[in-house]
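Structure, as structure tokens:
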Amino acid sequence: MGKYFGTDGFRGEANVTLTVDHAFKVGRFLGWYYGKNHENGKAKIVIGKDTRRSSYMFEYSLVAGLTASGADAYLLHVTTTPSVSYVARTEDFDCGIMISASHNPFYDNGIKLINAAGEKMKEDVIAEIEKYLDGELGEIPYATRENIGCTVDYTAGRNRYMGYLMSLAIYSFKGIRVGLDASNGSAWTLAKAVFDALGAKTYVINAAPDGTNINANCGSTHIEGLQDLVRREHLDVGFAFDGDADRCLCVDEKGEVITGDHILYIYGCYMKDRDKLVGNKVVTTVMSNFGLYKAFDAVGIEYEKTKVGDKYVYECMSENGYRIGGEQSGHIIFSKYATTGDGIITALKMMEVMLAKKKTLSELAAPLVIYPQVLKNIRVTDKTQAQDDADVKAAVEAVANALGADGRILVRESGTEPVVRVMVEAGSTEECEKYVDQVIDVIKSKGYAV
């Protein structure tokens with residue numbers, strides 16, 4: 001991770017730690033950097049944004065920077081992160097930009113950079129952007145006269161993406177009652193349009209964005225509303241997205257939450273049954289539940305574990321040719337269909353398994369027994385110092401020894417926030433709580449807590 005860019009882009013509070021000046025400079029650099037590869041000096045860069053109020057401000061700042069450096073900026077307007085990835089990799093663009101802070105509150109925002117292959121921007125390019133932001137590269141020339149870039153309304157790209165999503169469904173959804181929680185974010189029109197077109201009877205909540213209600217007690221991070229909808233309306237299934245719709249969690253017909261681990265298990269088994277599971281492996285992160293690995297062992301599916309972050313999951317998949325991987329949070333990558341997590345594709349794939357196997361989501365998920373897990377975040381003055389502190393390490397080791405083979409503890413730093421995450425899995429929630437608090441108390445006693 002760099003000074004500005006973490007595992008999921010440059011993220012911070014709008015106009016506090018991520019400012020319009022930052023956005024302008026990122027645009028200036030990208031327009032100049034990619035323009036060098038063209039005879040006429042004109043790069044083509046596609047931009048999408050979520051529904052938070054500051055996204056419009058950052059869009060205009062990025063466009064100003066891009067066009068000032070001679071690039072043409074193609075605007076998808078409000079759309080999902082995976083749609084930007086799709087358009088970038090299927091059309092003649094030098095790179096893509098998504099303006100979003102994903103599941104964060106409305107006052108945060110972020111700049112996610114996507115290369116021409118639809119993947120997260122390579123670290124060497126990010127390093128050069130950071131140098132420019134810190135004034136280490138000197139001045140970048142302004143384009144003049146006919147060389148100044150232009151802005152292109154490109155809603156056609158978003159519509160093409162929607163058509164692509166619809167093409168992935170191999171069964172009609174007619175007669176299926178589906179709940180959708182759009183999180184007042186990027187999926188607010190896209191998800192319903194796709195499911196309606198495929199024949200589902202849709203019930204949609206949190207699809208009235210006002211710039212400040214994105215992720216507010218809704219979506220994949222606050223799934224209680226969708227659970228209530230599924231139970232109240234007696235729906236067959238529900239899907240909840242996050243702010244930029246690259247994540248999806250599900251709710252089964254009983255109103256119970258189906259996590260990313262459940263999704264990996266259900267689709268992993270489906271692929272294995274059809275001899276489509278390349279390498280007989282599913283890629284997980286270290287945050288996946290004990291229960292997932294036990295369930296995989298029971299059906300003979302192998303697995304890889306990466307660091308937390310879809311970036312690391314995708315890297316492992318790409319290097320080894322694996323077809324499915326993801327995170328407990330619902331960030332699932334189906335590499336045959338996308339180069340990033342895509343919440344709507346995830347929902348479509350869960351529908352496919354249900355219809356192919358003629359089973360409810362609860363039946364498909366039943367063999368996976370989730371261990372109780374408690375995860376708490378603590379804001380700290382310095383993530384590295386807090387984790388490397390000898391007393392904190394000793395407290396973590398003491399918990400690990402106490403749990404033995406019946407559980408585990410994981411302490412890691414957030415890639416996007418000044419936060420240390422402490423997670424324990426054990427035989428009971430009470431035991432998890434006790435051991436998590438035990439470590440957090442040491443972090444606090446050493447003065448690292450904010």
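Any read-out appearing in this document is the output of simple, stated calculations on the displayed coordinates, not a laboratory observation. Computed from a prediction, not measured in an experiment: that's the story for all the values here. Note that we place each Cβ from the backbone using ideal geometry, even for glycine, and neighbour counts take in every protein chain shown.
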Over the chain, what relative contact order in percent results from Cα pairs under 8 Å that are six or more residues apart?
-> 12
Divide the volume of the convex hull of the Cα atoms of the stretch 134-231 by its number of residues and quote the answer in cubic angstrom per residue.
-> 190
Environment charge of G260, counting only residues whose C-beta is closer than 11 Å and scoring Lys/Arg +1, Asp/Glu -1 | -2
Cβ-Cβ FRET estimate between N320 and K358, R0 fixed at 45 Å, reported to 0.05 | 0.85
Binning at 10 Å from 0, report for the stretch 332-414 what percent of all alpha-carbon pair distances ends up in each bin.
-> 13, 26, 24, 24, 12, 1
Length gain on complete extension for the stretch E136 to N40, per 0.36 nm per residue less the alpha carbon to alpha carbon distance?
-> 31.9 nm
With +1 on each Lys and Arg Cβ and -1 on each Asp and Glu Cβ, and nothing else charged, work out how big the dipole of the stretch 368-450 is about its Cα centre, in Debye to the nearest 20.
-> 200
Taking I258, I214 and counting other beta carbon atoms within 10 angstrom, the fewest-first order is I258, I214
Full-extension gain in nm, Y171 to K446, via 0.36 nm per residue minus C-alpha separation | 93.3 nm
For q = 0.19, 0.21, 0.22 Å⁻¹, what log10 I(q)/I(0) does the stretch 12-84 give under the Debye formula with an equal point scatterer on each alpha carbon and no solvent?
-> -0.74, -0.87, -0.94
When the charge dipole of the stretch 3-156 is computed with +1 on Lys and Arg Cβ and -1 on Asp and Glu Cβ about the Cα centre, the Cα farthest towards its positive end, among P141, A14, A117, belongs to A14
Unit Cα scatterers, Debye sum, the stretch 168-364: log10 I(q)/I(0) for q = 0.11, 0.12, 0.13 Å⁻¹ | -0.45, -0.54, -0.63
Neighbouring Cβ atoms within 10 Å as the yardstick, rank C218, C316 fewest first.
-> C316, C218
Assigned charges on the beta-carbon of Lys, Arg, Asp, Glu; the chain dipole about Cα centre (debye) = 940
Pick out, from Y371, N217, V194, the residue whose Cα sits farthest towards the positive end of the charge dipole of the chain, with +1 on the Cβ of Lys and Arg and -1 on the Cβ of Asp and Glu.
-> V194
For each pair in K25/K112; K311/K376; K192/K358; K3/K112; K120/K307; K174/K359, compute the distance between the two Cα atoms and list the pairs where it is over 20 Å.
-> K311/K376; K192/K358
D92-E128 FRET efficiency (beta carbon distance; Förster radius 25 Å; 0.05 resolution) = 0.65
For the chain, take the alpha-carbon Rg, divide it by the Kirkwood Rh, and send me Rg/Rh.
-> 0.98
Mind ranking 28-35, 387-394 by how tightly packed they are, going by the mean number of other C-beta atoms within 10 angstrom, highest first?
-> 28-35, 387-394
GNM result for the chain, Cα springs below 10 Å: residue of N213, N159, N115 fluctuating most strongly | N159
Let me know the charge dipole size of the stretch 56-165 about its Cα centre in debye, to the nearest 20, where only the beta-carbon of Lys, Arg (+1) and Asp, Glu (-1) is charged.
-> 460
Footprinting proxy, D228, D342: sorted fewest to most Cβ within 10 Å, the residues are D228, D342
Mind checking which of R52, R11, R274 has the largest fluctuation in a GNM of the chain, springs on alpha carbons under 10 Å?
-> R274
Sites matching GluC sites (Glu not before Pro) across the stretch 1-68 that sit in DSSP coil, with at most 12 neighbouring C-beta atoms within 10 Å | E39
Label point at L410 placed 7 Å out along Cα→Cβ; residues across the stretch 250-283 whose backbone nitrogen lies under 19 Å | 250, 258-268, 281-283
What fraction of the DSSP beta bridges in the stretch 3-156 is antiparallel, stated in percent and rounded to the nearest 5?
-> 45
Two pseudo-spin positions, 7 Å from Cα along C-beta at A394 and at K201, lie apart in nanometres by 6.3
Sorted by average packing, counted as other Cβ atoms within 10 angstrom per residue and highest first, what order do 401-408, 190-197, 129-136, 68-75 take?
-> 68-75, 190-197, 129-136, 401-408
